[in-house]
Every structure is written in C-alpha cells, then in structure tokens.
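The values are calculated or read from the model by the stated rules, or taken from the named source; none is laboratory data. Since the model is a prediction, treat every value here as computed from it, not as a measurement. Because the Cβ atoms are built from the backbone with ideal geometry, glycine has one as well, and the counts that use them run over all protein chains shown.
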Amino acid sequence: MTVRTARRLSALLAGLALLASGCGAAKAGSPVPNGAEAAAYVSAKFSSTLDKLSDQLNGTESKKTVQDTFARFDDKKINSTVSAVQLGRPPARLSKNHSNLDSNEFLDSFHPVNSPVEYMLLGPVYASLAPTHWVSMPYTAGDLNECFWAGAQGVCKMLGAVSDSVGQGRVKGANSRPDGSVELTADVTLTAFLDNRVVVFPQSILDQISPAMKTQTLQARIVLDPQGRLTEIQLNGLIKGNGHELELNEHYRLDGTPTQNDLPKVPDPADVTVLPDSAAVSDFYARMGEIQGR
C-alpha cells in the first residue's frame, strides 16, 4: 500500500463523510443527492481533501471487523473470512485469515501493544513452515497508516477500487436511512478491482480475462453512520466473457465493540519459532507462497 493510495483512500472517506453530513436535512429513505449530482459532489470533496489523512485510517480508533471474500472463476473458488480487532491507543491488533473451504487453512497475526515483534499462528496447512505453532518476526509497521495492517488491507483495497471508479463519474446515488446513516451506490469496473488487487488472482487466470471483461462493472454499496464513519462496504457482481464467468463478492462490515477478551495471550516462547531478520522473513513468506500456489 503506497502513500499515494493511502491519501486517495483518505480523500474518499473524507469526501463521503462530508456527503453524509450534507444529507442531515434529507427525508429518511430519500436520494441525497442522486446520479450525476452525487458524482460531482463527491468528486469535488475528493479534490479538496487529497492531502488529508482520515482518522478512520490512522489506527486511532478501536474496532472489530469482518471481511468475507468469495471469488469464482469458472470452477475455481476462493472463499475466506478475515476477522480483525484493533484495540487501544497505541493499538493491539489481531487479524484472523481463515479459509471457508478448508478449516485447516488459516493464519492468525497478532501484534501486542508496543511489542517489537508480531506473532503468527500457523494453521495445519502451514505446519511445515515451522516446528512450532507460532512464529515471530520483527514488527516493522510502526506508525504507518492502518492500510498497511493485514486486518485493514482488504477494505483499503476495496475503497481504492471505488475511488478509481468514482473519479470516473460512476456514482449511481446516495440515500439516507431512517437511522440517519447514508448508503452510497456506485459501479466499479473490473479493471479497478484488479488494479487495486482486491483479490489477487494467479497469472493463469488473469491471462484469461479479456479487455472487454475488464470494462464490465461490479456493484458497490457503502454505508456510513450518522457521524460519517464507514460501517460497511460491499462489492459484488458477475462478469462474463470468452466463455468464462467471474463471480465476485467482497463484504466488509463492523462487528460490534472490541474488548480485551477478543485478543489472545502472548504465546509461550517455547511454542514460537523466531524469524530474527528480513532474510528469514522473506524465506518464510516465499515458502508460504509455494504452499498457497499448489
């Protein structure tokens, strides 16, 4: 995740928050505004906030989230869930990436508050990577934007895809809800989805996605609470072409209030394999990539 991308996402969130705040007087369930007016409004807010970082992405807010990923290219499927917790300031962070197709395939990453290392719990599929259940590695994220954290990378990529498409005038509408929240809808091109690596496909699949397929669109739905905080985003649709089908459904949402009970205890050192430096970490991820590519 680059600084440019993080700024672009922050601009989107800031713009959407301003859109929500400007809709306070609208009747619940009514368009506020709609069509081209919404596109022009949000785009204008983008321009005025490009250099600002949103508080929603700088790691200061405790949150508990879930993101479901479903992708199907013909008969090949990805189906997984990332559950994430960010608690405190500075935050402790936990992200649990679990396959919904194989209960033995999971990776849980945990960074205790102010710890110089982060820990990863290896599911049985990855047991060959280390002689222990856990590995530790130097924590290098520091005070970087929240989009650098595994628990938020998915939603940041989704927002990046929406940002690219909204910049092309693809907003469809914005409607207020009875509780004061706002729902924004937009079309997102497959090109934007792939360019932002919302789902990372192997090259063998990318080679079969034609330019015409990339111009087709997914439906985006973004929900902001009455204070303008992002509470939900979903991208879904079915792309067809060249005799192939690509079905996509990404769904991120808040999942209640986090507590200390949501975080694991620091693992026993006897059950931790230490990856002491960047070379060891690179080798670890290279071997992980081999397993995932099988």
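Residue-wise test of (1) surrounded by fewer than 19 Cβ atoms within 10 Å (Cβ to Cβ); (2) basic (Lys, Arg); (3) modelled with pLDDT of 95 or more.
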| residue | (1), (2), (3) |
| --- | --- |
| Ala39 | no, no, no |
| Lys52 | yes, yes, no |
| Gln56 | no, no, no |
| Asp68 | yes, no, yes |
| Asp74 | yes, no, yes |
| Asn79 | yes, no, yes |
| Ala92 | no, no, no |
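With respect to being buried (at least 16 other Cβ atoms within 10 Å of the Cβ) and either at pLDDT 95 or above or of a type in the set (S, T, N, Q) (or both), Ser128 falls outside the description.
Applying the criterion of being in a strand (DSSP E or B) and crowded, with 18+ Cβ neighbours inside 10 Å to the residues of region 185-216, the residue that is nearest to the chain's Cα centre (by Cα) is Val188.
Identify the residue in region 131-143 that is small (Gly, Ala, Ser) and in a loop (DSSP other than H, G, I, E, B) and, among all such residues, is surrounded by the most Cβ atoms within 10 Å (Cβ to Cβ). Out of the qualifying residues, it is Ala141.
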